[in-house]
Amino acid sequence: MTKGEMESVEVFTSEGKGRGLKAQKEFLPGDVIFAEPAYAAVVFDSLTHVVCHTCFKRQERLHRCGQCKFAHYCDRTCQRAAWLNHKNECSAIKKHGKAPTENIRLAARIMWKIEREGSGLSEGCLVSIDDLQNHVDHFGEEEKKELHADVQSFLEFWPPQSQQFGMQYISHVFGVISCNGFTLSDQRGLQAVGVGIFPNLCQVNHDCWPNCTVIFNNGNHEAVRSMFHTQMRIELRALSKIAPGDELSVSYVDFLNVSEERRKQLKKQYYFDCACEHCKKQIKDDLMLAVKQGESKPSAETVKEVVQFSKDTLEKINKARIEGLYHEVVKMCRECLKKQEPVLGDTNIYLLRILSIASEVLSYLQMFEEAADYAKKMVDGYMKIYHPNNAQLGMAVMRAGVTHWHAGLIEAGHGLICKAYAILLITHGPSHPITKDLEVMRVQTEMELRMFQQNEFMYYKMREAALKNQKIQVMPEPSNETSPGLFHKKE
């Protein structure tokens, strides 16, 4: 975080919320308010051999640390950049005989940094690790048990020659990780790959309808200089116009839930009662629970029945997806949509969830026309619910655009890709890999659209020939995870 960026924000006491950050100058949609490198970060246990431990990019072939055989890197530049943070970890892993879990590794990295730099304010940080909230006092029995187990495992891993910390301080660090660990994603932003601590970001309070968004940026691999090549950081970006003195806010949870559900989730994970405008006034709840209007308006009993059927189906779908039974998933989605169609409104979240799964799985199975039909309905519903500059909306519109293109629906496909590009320029910025991919798609679909408008018959002939010569791009396998939440919370 540069000196200039630090001067554009200020820590203050936010009414009823404790500390918060406010703007010191005006920001416009898409402006980067600040960028912040991780204080400490680690790759998830399950992905340590396929994700670079420095920049968190997914790579096919990674270099392995010759000493501990545990850490993996894209190239020598990433490996050299990692050494300061990996040195102690490397010898501790060798002595311990194996690498501990991600939680223990992250706590150890934090404490080695404190050993090197002290626990006061480090450069570019508005608050110190000591001042971050740990919420240990709010932990339930199960969480306390997990905390105790983590502390024990940490003590077994922590080398005797390193600085020794008291039990209370170690518990504080684990508490900080539990409620402030930020989810890191791969370069495409589609999969959660690790967890990091960003002290300045921790000061930004939650709002269900926020004026900022957080995007993870993996650095620029075209750059030769290590400083840019591996400069993994988060960026806090403005979603709407922000005036000097306005509090900055981000959303800790996906908006696509009724206010009561969002409040429950926030209370359980972050220990606070959300009092934002959208929760207090239950704004958009009516849309999310919409039922069909008109003469044949369904009875309350029918609505209740269909909602319950939808919930049960979603549970069954999750099981089938875990087992990779995608044709079974499609069958369940079709059956559920048939029941929902005459009863639920087009913005009802249960309908939208099924439409989202159906379009994603059908795309994967290359049944693009049906997938495009569902994707269009899903996007129309999302547009009425989400903030116009919402990153998840942008990603959903992009997926719908690609699905339409695959289905040969070039006009709708190009329109959706342009719409997604406009959103992601604000949420991700022009240099993010996803935005760059989208720009290529936008140019390609624009060219195809011109060809289509000049001669439809020739366009389809050329498209057919092109698809015969190249293997059609297979859509990524549907993931079982909903998109990663903002902060990483151990379930």
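The values are calculated or read from the model by the stated rules, or taken from the named source; none is laboratory data. No experiment lies behind these values; they were computed from the predicted model shown. Note that each Cβ is placed from the backbone with ideal geometry, even for glycine, and that neighbours are counted across all protein chains shown. Heads up: the accessible areas ignore ligands, DNA and RNA and are worked out on the full protein's heavy atoms, side chains in. Shrake-Rupley method; radii C 1.70, N 1.55, O 1.52, S 1.80 Å.
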Restricting attention to region 56-91, the residues that are open to solvent by less than 10 Å² (accessible area, probe 1.4 Å) and in contact with a helix residue (DSSP H, G or I) (Cβ under 6 Å, 6 or more places away or on another chain) number exactly 2
Hey, can you tell me all the residues within region 124-138 that are β-branched (Val, Ile, Thr) and open to solvent by less than 20 Å² (accessible area, probe 1.4 Å)? Val127, Ile129
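Have a look at Phe56, Phe70 and point out the one that is part of a loop (DSSP other than H, G, I, E, B), under 25 Å from Thr183 (Cβ atoms), touching an Asp or Glu at 6+ places or on another chain (Cβ under 8 Å) and not charged (D, E, K, R). Please lay out each step first, then the result.
Numbers: Phe70 fails: touching an Asp or Glu at 6+ places or on another chain (Cβ under 8 Å).
Residue meeting the stated conditions: Phe56.
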Scan of region 333-349 for residues that are surrounded by 18 or more Cβ atoms within 10 Å (Cβ to Cβ) and of a type in the set (D, E, K, R), ordered by number: none
Confirm whether Gly16 is assigned to a loop (DSSP other than H, G, I, E, B), in contact (Cβ under 8 Å) with a residue 40 or more places away in the chain and open to solvent by 20 Å² or more (accessible area, probe 1.4 Å). yes
Out of Thr482, Thr435, sole residue that is in a loop (DSSP other than H, G, I, E, B) and either modelled with pLDDT under 90 or not small (Gly, Ala, Ser) (or both): Thr482
Among the residues of region 36-55, count how many are open to solvent by 20 Å² or more (accessible area, probe 1.4 Å), among the hydrophobic types (A, V, I, L, M, F, W, C) and in contact with a helix residue (DSSP H, G or I) (Cβ under 8 Å, 6 or more places away or on another chain). 1
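Suppose we filter Gly120, Gly181, Gly189 for residues that are under 30 Å from Phe12 (Cβ atoms), in the same structural domain as Pro199 (by the TED database) and surrounded by 15 or more Cβ atoms within 10 Å (Cβ to Cβ); which single one remains?
Sole residue among the options that is under 30 Å from Phe12 (Cβ atoms), in the same structural domain as Pro199 (by the TED database) and surrounded by 15 or more Cβ atoms within 10 Å (Cβ to Cβ): Gly181.
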I'd like to know if region 259-270 contains one or more residues that are under 22 Å from the mean Cα position of the chain (by Cα), of a type in the set (Phe, Trp, Tyr) and assigned to a loop (DSSP other than H, G, I, E, B). no
With respect to the numbered conditions (1) touching a strand residue (DSSP E or B) at 6+ places or on another chain (Cβ under 9 Å); (2) of a type in the set (A, V, I, L, M); (3) surrounded by fewer than 23 Cβ atoms within 10 Å (Cβ to Cβ), which one is the sole condition not fulfilled by Met395? (1)
I need a count of the residues in region 96-130 that are within 20 Å of Phe182 (Cα to Cα) and touching a residue at least 40 places away in the same chain (Cβ under 8 Å). 23
Against the conditions (1) without any contact (Cβ under 8 Å) to a residue 24 or more places away in the chain; (2) small (Gly, Ala, Ser); (3) over 29 Å from Ala238 (Cβ atoms), where does Ala422 fall short? Just the number, please. (3)
